[in-house]
Amino acid sequence: MAFINWTDELSVGVELFDNDHKKLVALANSLHESITVGAQQAVLAPVLNELVKYTVFHFGHEEGMMIQYAYPDYEKHKKEHDALVAKVQDYYDQVMAGKTSISLSLIGFLKDWLVKHIMGSDKEYSEFFAKKGLK
């Protein structure tokens, strides 16, 4: 069973964002699976790095559309994005410096953040973008 299951409940109604979210879920599931089978840190680090890079890529999609369509809560949403990126980048840097290891607690944090962010902040823009004709 997957660590995070994609369901229609996670859909925000914008195909581009939903596709990005599905990719993030798949990357988180891949990292979780690698951790649970006991993969070495040298194997886990590139998977975590890919997750971080794709997260930044996805945030760029959301933020670009928010700017383009003058989303009123853009600044608040961007602050949430920036805080996660800073936290995960710091964690990744510590892993690469040998100060910590990739663990189930990290993937648990990422799962909680991702699901709560989609179900909370991201769902808040669903109606806004639907009114703008984005699907």
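What follows is calculated from the coordinates using simple rules that are stated; it is not laboratory data. Here the structure is a predicted model, which is why all the values come from computation and not from measurement. Positions of Cβ are generated from backbone atoms using ideal geometry, with glycine treated the same way; all protein chains shown enter the neighbour counts.
List of remarks:
- Among GLY60, GLY98, GLY13: highest mean-square fluctuation, GNM of the chain, C-alpha pairs under 10 Å: GLY98
- As a ratio to 2.2 N^0.38 Å, the alpha-carbon radius of gyration computed for the chain takes the value 1.09.
- Ordering LEU24, ILE35, VAL56 by Cα displacement along the dipole of the chain toward the positive end leaves ILE35 in first place; charges were set at the Cβ atoms of Lys, Arg (+1) and Asp, Glu (-1).
- Residue-span extension gain [ALA83 to SER101] - 0.36 nm each, minus C-alpha spacing: 4.4 nm
- Full extension of the segment from TYR54 to GLU75, taken as 0.36 nm per residue of separation minus the current Cα-Cα distance, would add 5.5 nm.
- All lysines inside 17 Å of LYS131 as judged from Cα atoms, apart from same-chain residues fewer than 8 positions distant: LYS123
- For the chain, built as a Gaussian network whose Cα springs stay under 10 Å, the top-fluctuating residue of ILE107, ILE67, ILE118: ILE67
- Given R0 = 30 Å, the distance between the Cβ atoms of ILE67 and LYS22 translates into a calculated FRET efficiency of 0.80.
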